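Dropping the structure in here first, questions after.
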Amino acid sequence: MSYYEDFSPGSPHRLPPRSWVRSGAPTLSLNGDWKFKLWRYADAPLEDPADWDTLPVPSHWVLHGDGKYGRPIYTNVKYPFPVDPPHVPDENPTGDHFRTFTLPDWDVDRFVLRFDGVESTYKVWLNGTEVGVGKGSRLATEFDVTDLLVPGQNSVLVRVHQWSSATYLEDQDQWWLPGIFRDVTLLGRPAARVDDVWMQAEFLDGNGVVTAEVAGTFPITLSVPELGVSTTWQSASDVAPLEVGTVEPWSAESPRLYDCTVASAGETVHLRLGFRTVRIEGDQFLVNGRKVMFYGVNRHETHPVLGRVFNEEHARRDLLLMKQHNINAIRTSHYPPDPRVLELCDELGLWVMLECDLETHGFEFDPSIADNPSDDPRWRDQFLDRMRRTVERDKNHPSIVIWSLGNECATGPNMAAMAQWTHERDPGRPVHFERDHASAYTDMHSRMYATLSELAEIGTTGCAFGGIRPEEAVRQQNRPFVHCEFGHAMGNGPGSLADYQAVYERYPRLHGGFIWEWRDHGMLTKTADGTPFYAYGGDFGEVVHDGNFVMDGLVLSDGTPSPGLAEYAAVIAPIVFGDEPGTLRSRYHSIDTSDVRFTWTREVDGVLVGTGELEILPVPPGESGLFELPEEALDLAVDGETWLTLEARSGHVVGSRQYQLSRRPSVSVVPAKGLGGAEFDLRTGSLLRIGSVEIGGPRLELWRAPTDNDRRAGEWLWRERGLDRLEHRIRDVQIGDDAVTARVRVAAATAGRCVEVTYHWFGVADGVALRVDAVPSAGWDCTWPRLGVRFTLPSVDAVSWFGTGPLESYSDSDSAARVGRFASTLDDLNVAYSRPQETGHRPQLRSLDLDGRLRVSTVPDRTGHRPGFSLSRHTPQQIAAAGHPHELPPSDQVYLFVDNGQHGLGSAACGPDVLPEHALYPAAHSFTLLFTPLG
Ligand code: GAL
């Protein structure tokens, strides 16, 4: 069997896996321009590279050459070729990479060639002699090449196969991106060297204990200058745990690191110690003795231009953005990232669940596939090899608190063997694997996309999963639970994050979870006419693909944070102000609130009338505090809508809450003579203009451009019921001097069910009012995406409003919204989701000014409810028809939507649909709008 179709994990003489560390020993980066030739078949001849093209390394060849070297392919679960393990198609893009280099004049004993990441299987030749085979795309491989090097010029050839037996184990939901995509390095290994090192720095009762494991040439000296530690071991048997006295612990909130060196006579390696102790006690996951709640995200390696090639600035920016949004944890879905990501996590402070590069999801796709690699002895070595390389490479990082065996493989003995090896190798970190539903060999109970009621069951009686025997349920019940994926952030959403957080906090066994996922994976590309856009599945002409399912992040492909990220930041904020002003609760794990600055502001009708700082005694982690507000903050003696906003900041907002102190006294809408400068179409009763402002409408609207979540939920029935193609029949129009009334029947072709609408216009003191009464007939059996009216204007640029903002919000995603005055351009009101969809709704509008020429105000109903608004250059029908933002047609209109109700968002793209309390059910609606010409 060929090496790219066998079950082996790579050449047997690969060097044993070891830590990725910063070393003072000499290295030569072999990154840079390589000669490149792409073949269609894996068994191509070895050729003279003189005439080959040039390709940068690290890179993915499909992202170069403008299609000359193929294109990216996106699939989620399915393999892009027949499932015939360990075989792969004969047509197997194979990239030969070649370069020369001059052997440096180093005083070393051995030379090692290191590959940090190559997708998927590769063979290496040095100076024409075969070196070995590497597998495990997101894992490092080292070869000893000492005997093959010559003084002066040397050459290296790497043949990379896109498809291989290893591909069966790398079926993660992401782009298939072949190539040498991480560093290639020649390492000089001194005669007296440090081969491997593992510093386990524990935090025990305020003191640090370092348990070292060192392989190398003794004597070896460990130094931690800041702690006054300098110990020399003469031999491996000298190495013993070292008590280093009082230390500050490492945590995600206070990532205290101590520089450390480990030196032999010829090599010094640099590490940063973070003292922390991870334990599971009963059903509690503890770090340094305290329960950790994960406010996490799943993070893939993805860059819109580079693919999975690491870019430090990009990665750092993303991690900082996470921190600025109160995110405290990362699951490295679904493979070890570039090692430098973990250095950043140590430095910036993020709890990490480090996952092995292993997923075989596609075996579940087609019931005709009988294989399960997890239960197949032929794959065992490769499973174990992957876990070994995962743990060994990254074992020194304090940020890693959990090892994960992989994602979406079936359970089986190979997984159990990986867990067993990991337990033996590193008892200091628990092992996670979501598909170990019976908790047979892992330490944590895990699920993805559990519903709220399942979580409540998990939190109380047991496991909430079919097929589990009672004894397994008991086992699970006694383990900490982590929600390794939830809150599918595809398009507009996810909904119900606050509901999830409430459940996590209700049941002690639950430890929070990780949003799926951090970032959209759009690849920047161009249309035939040169228009740039972010591509998703199908945009590169793939035969099988999964469309825009790869665009499910809290951050858009271009790095723009989505409103979903703002929502998550608000839901997981470390400071939670109480229901009444004057109390707060800290969700911090290990720091008190002494670095937090608290302020109050008081606004009347959205206008700032007072602000100040609050003196709040430091609240210890996890505890509650009381504080007093100055009298002026709470002053009720005003005639207007008064809001008190409390805010906590530690660099960024770490908590915020609004309290409504007084409502605006309700004013009745009193009819006046005339129609306030409004002109109407005498036939239809439609508005034509108000003063000098051209504005047409209203038109009842039940349709919204389906969100990605709607597509997997309500959309089919909405379309079936014709909500996207309603017809409007005028039943009756009455035009008078002081009032215009139009009665319209709205229904879809073929349907009997309808909505009877009455638009009643009448003059008021400073303009014209519209009362809308919408009454559904019997027979409605679906939710409505929205209930509102649409107006048309020739243009709108500047928008300001008093209502909720600054971002869009929906009934199940409104934690980040506050009441205030906001301003925006029309285009900035809406989010350019990778596939156009509903966006921009801002509920509870008080008043909206369009270009300073027209004000639209709302009147609250008896419960205080008011309609919301959105503005768009396109109708929902146009938006729904576009696959990408650049496909939206040119527009010379602006549509104003005033919605008395909008359906929630939910997470049905992958997870639960909109909860009943956030759904919009057909019902009669009445609301009144006031139109006032300005200026
Ligand atoms: C999960 C999977 C993720 C991703 C997600 C949907 O099942 O683990 O990798 O595919 O669904 O976006």
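The values are calculated or read from the model by the stated rules, or taken from the named source; none is laboratory data. Only a predicted model underlies this, so the values are computations on that prediction, with no experimental measurement involved. Cβ coordinates were reconstructed from backbone atoms using ideal geometry, including for glycine residues, and neighbour counts include every protein chain displayed.
Within region 715-736, is there a residue that is assigned by TED's automatic domain parsing to the domain that holds W784 and closer than 30 Å to G935 by Cβ? Break it down into steps so the answer makes sense when it comes.
Kept after step one, since they are assigned by TED's automatic domain parsing to the domain that holds W784, are these residues of region 715-736: 715-736.
Now restrict to residues that are closer than 30 Å to G935 by Cβ: 735-736.
Taking every residue of region 715-736 in turn, at least one turns out to be assigned by TED's automatic domain parsing to the domain that holds W784 and closer than 30 Å to G935 by Cβ.
Please go through region 644-671 and give me each residue that is touching a helix residue (DSSP H, G or I) at 6+ places or on another chain (Cβ under 8 Å) and surrounded by 15 or more Cβ atoms within 10 Å (Cβ to Cβ), ordered by number.
Step one: of region 644-671, the residues touching a helix residue (DSSP H, G or I) at 6+ places or on another chain (Cβ under 8 Å) are 644, 651-653, 656, 661.
Matches in region 644-671: L644, V653, S656, L661.
Taking region 704-716, which residues are buried (at least 24 other Cβ atoms within 10 Å of the Cβ) and either touching a Lys or Arg at 6+ places or on another chain (Cβ under 8 Å) or aliphatic (A, V, I, L, M) (or both)?
Passing the criteria: R704, A705, D708, D710.
If you take the residues in region 553-584 that are surrounded by fewer than 17 Cβ atoms within 10 Å (Cβ to Cβ) and charged (D, E, K, R), which one is farthest from the chain's Cα centre (by Cα)?
Taking the candidates together, the pick is E580.
Can you tell me which residue in region 341-362 is farthest from the chain's Cα centre (by Cα), limited to those that are more than 19 Å from Q200 (Cα to Cα) and away from the ligand (no atom under 14 Å from the Cβ)? Step through it out loud before you land on a result.
Going residue by residue through region 341-362, those that are more than 19 Å from Q200 (Cα to Cα) are 341, 348, 355-362.
Add one more test, that the residue is away from the ligand (no atom under 14 Å from the Cβ), and what stays is 341, 348.
Values: V341: 16, L348: 18 Å.
Ranking the qualifying residues of region 341-362, first place goes to L348.
Name the pairs whose Cβ atoms lie under 6 Å apart, with the first residue in region 782-797 and modelled with pLDDT of 95 or more, the second in a strand (DSSP E or B) and charged (D, E, K, R), and 6 or more positions between them or separate chains?
Every condition considered, the pairs that remain are R786/D899; G788/E701; G788/D899; R790/R699; R790/E701; P794/E694.
Tell me, which residue of region 170-228 that is within 16 Å of the ligand (Cβ to nearest atom) and assigned to a loop (DSSP other than H, G, I, E, B) is nearest to the chain's Cα centre (by Cα)?
Across region 170-228, the extreme among qualifying residues is D173.
Taking region 481-520 on its own, how many of its residues are outside any strand (DSSP E or B), within 15 Å of the ligand (Cβ to nearest atom) and over 10 Å from the mean Cα position of the chain (by Cα)?
Kept after step one, since they are outside any strand (DSSP E or B), are these residues of region 481-520: 487-509, 516-518, 520.
Narrowing the set further to residues that are within 15 Å of the ligand (Cβ to nearest atom) leaves 487-491, 493-494, 516-518, 520.
Next, from what is left, pick out any that are over 10 Å from the mean Cα position of the chain (by Cα): 491, 493-494.
Residues that pass the stated criteria total 3.
Sticking with this structure for a sec: Within region 54-87, restricting attention to residues that are touching a Lys or Arg at 6+ places or on another chain (Cβ under 7 Å) and either not in a loop (DSSP other than H, G, I, E, B) or not assigned by TED's automatic domain parsing to the domain that holds H97 (or both), which residue is surrounded by the most Cβ atoms within 10 Å (Cβ to Cβ)?
So the residue we want is V62.
Here is a list of conditions, (1) in a strand (DSSP E or B); (2) aliphatic (A, V, I, L, M); (3) crowded, with 16+ Cβ neighbours inside 10 Å, and L688 meets all of them except one; can you say which number that is?
So L688 meets the others, but not (3).
Which residues, taken from region 738-797, are in a loop (DSSP other than H, G, I, E, B) and aromatic (F, W, Y)?
Within region 738-797, the first condition is being in a loop (DSSP other than H, G, I, E, B), and the residues that meet it are 738, 749-754, 765-766, 777-785, 794-797.
W780, W784 - these are the residues of region 738-797 that are in a loop (DSSP other than H, G, I, E, B) and aromatic (F, W, Y).
Let me ask you something else. What's the total number of residues in region 769-804 that are more than 22 Å from G677 (Cβ to Cβ), buried (at least 21 other Cβ atoms within 10 Å of the Cβ) and among the small types (G, A, S)?
3
If you don't mind, there's one more thing I want to ask. State whether the residues of region 111-122 include one that is under 23 Å from D546 (Cα atoms) and outside any strand (DSSP E or B).
Let us first name the residues in region 111-122 that are under 23 Å from D546 (Cα atoms), namely 119-120.
Among the residues that remain, those that are also outside any strand (DSSP E or B) are: 120.
Yes, there is a match, as at least one residue in region 111-122 is under 23 Å from D546 (Cα atoms) and outside any strand (DSSP E or B).
Could you tell me whether F533 is closer than 27 Å to G65 by Cβ, outside any loop (DSSP other than H, G, I, E, B), under 25 Å from the mean Cα position of the chain (by Cα) and within 16 Å of the ligand (Cβ to nearest atom)? Quick ask: steps written out before the conclusion?
Details: closer than 27 Å to G65 by Cβ: yes; outside any loop (DSSP other than H, G, I, E, B): yes; under 25 Å from the mean Cα position of the chain (by Cα): yes; within 16 Å of the ligand (Cβ to nearest atom): no.
No: the conditions fail for F533.
Tally time: how many residues in region 536-563 are touching a strand residue (DSSP E or B) at 6+ places or on another chain (Cβ under 9 Å), modelled with pLDDT of 95 or more and away from the ligand (no atom under 14 Å from the Cβ)?
Count: 13.
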